[in-house]
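Since the structure comes first, as structure tokens, the remarks are kept for the end.
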Amino acid sequence: MTRFKVIDLPLAGLKIIERISCQDDRGFLSRLFCIDNLAILGWQYPVAQVNHSRTRFLGSIRGMHYQDLPYCDAKLVTCIRGEVWDVAVDLRQDSPTFLRSYGQLLSEHNCRSALIPPGFAHGFQTCADNCELIYLHSTMYQPQADKGLRYNDPKLEISWPHLVTLVSHRDKSHPLLTSSFKGIKL
């Protein structure tokens, strides 16, 4: 029996995975990852790294991060506490949706995870205080391949749902996109 339902999103390869939880008087059990079920839905990668983040304040932004070739990674992103506006930006050079973004609410209550294929930048804004996320990555973090887009780059047209309250110096310092940015050739 599958414990997941897939929702295809407007950017090819980007998906929402709805977890079907088992509930009783004690609480619930929700499967975060199952290689057999997720392979059918598009996860064809090893899990090379698992990260856990906590962001303390409403309106904070983390992102928009990606790794350049040859270290592009797929991600499975799950909010386990609070709620976030989760955004992915298509950086695939030959994609018809190149530089388009898509955002959706992930929360501890909606049992949704974002399945983000290689070639996308990722970030989120907290919609509550004390949000926690679990990220599964298909590739180890490689500092030499670490890249980012500015969260407020006008070319991306990302609509953040809340007033931006806190952004790291690193994330504020990413350069704005220019016509020389050609994306990632996968």
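Quickly run through region 14-28 and pick out the residues that are at pLDDT 80 or above and either within 20 Å of residue 79 (Cα to Cα) or part of a strand (DSSP E or B) (or both). Don't jump to the end; show me each part of the working.
Looking only at region 14-28, we keep the residues that are at pLDDT 80 or above, and these are 14-27.
Passing the criteria: 14, 15, 16, 17, 18, 19, 20, 21, 22, 23, 24, 27.
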(message) Against the definition (touching a strand residue (DSSP E or B) at 6+ places or on another chain (Cβ under 6 Å) and surrounded by 13 or more Cβ atoms within 10 Å (Cβ to Cβ)), how does residue 50 come out, yes or no?
(response) no
(request) Tell me which of these residue 36 doesn't satisfy, since it passes every other one: (1) surrounded by fewer than 13 Cβ atoms within 10 Å (Cβ to Cβ); (2) outside any loop (DSSP other than H, G, I, E, B); (3) touching a residue at least 40 places away in the same chain (Cβ under 8 Å); (4) not hydroxyl-bearing (Ser, Thr, Tyr). (result) (3)
(message) One residue is enough: does region 152-167 have a residue meeting the conditions touching a residue at least 24 places away in the same chain (Cβ under 8 Å), among the aromatic types (Phe, Trp, Tyr) and either touching a His at 6+ places or on another chain (Cβ under 9 Å) or surrounded by 19 or more Cβ atoms within 10 Å (Cβ to Cβ) (or both)?
(response) no
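Every residue, every condition in (1) closer than 21 Å to residue 156 by Cβ; (2) touching a Gly at 6+ places or on another chain (Cβ under 8 Å); (3) modelled with pLDDT under 95, yes or no:
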residue: 96; (1), (2), (3): yes, no, no
residue: 99; (1), (2), (3): yes, yes, no
residue: 102; (1), (2), (3): yes, no, no
residue: 105; (1), (2), (3): yes, no, no
residue: 123; (1), (2), (3): yes, yes, no
residue: 128; (1), (2), (3): no, yes, no
(request) Look at residue 136 and say whether it is at pLDDT 95 or above, within 16 Å of the chain's Cα centre (by Cα), of a type in the set (A, V, I, L, M) and not in a loop (DSSP other than H, G, I, E, B). (result) yes
(request) Collect the residues in region 124-149 that are buried (at least 18 other Cβ atoms within 10 Å of the Cβ) and under 18 Å from residue 76 (Cα atoms), keeping them in residue-number order. (result) 124, 125, 126, 131, 133, 135, 136, 137, 138, 139
(request) Give the residues of region 39-84 that are touching a residue at least 60 places away in the same chain (Cβ under 8 Å) and of a type in the set (Gly, Ala, Ser), sorted by residue number. (result) 42, 48, 53, 59, 60, 63, 74
(message) Looking only at region 85-120, how many residues end up being part of a strand (DSSP E or B), touching a residue at least 60 places away in the same chain (Cβ under 8 Å), hydrophobic (A, V, I, L, M, F, W, C) and within 16 Å of residue 7 (Cα to Cα)?
(response) 5
(message) Against the conditions (1) aliphatic (A, V, I, L, M); (2) over 25 Å from residue 140 (Cα atoms); (3) modelled with pLDDT under 95, where does residue 32 fall short? Just the number, please.
(response) (2)
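Would you check if residue 45 is in a strand (DSSP E or B), at pLDDT 85 or above, surrounded by 12 or more Cβ atoms within 10 Å (Cβ to Cβ) and not β-branched (Val, Ile, Thr)?
So residue 45 fails the test.
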(message) Need the failing condition index for residue 111 against (1) at pLDDT 95 or above; (2) farther than 18 Å from residue 157 by Cα, just the number.
(response) (1)
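The values are calculated or read from the model by the stated rules, or taken from the named source; none is laboratory data. Note that the coordinates shown come from a computational prediction; the quantities given were computed from them, not determined experimentally. Heads up, the Cβs are rebuilt from the backbone with ideal geometry, glycines too, and the neighbour counts pull from every protein chain shown.
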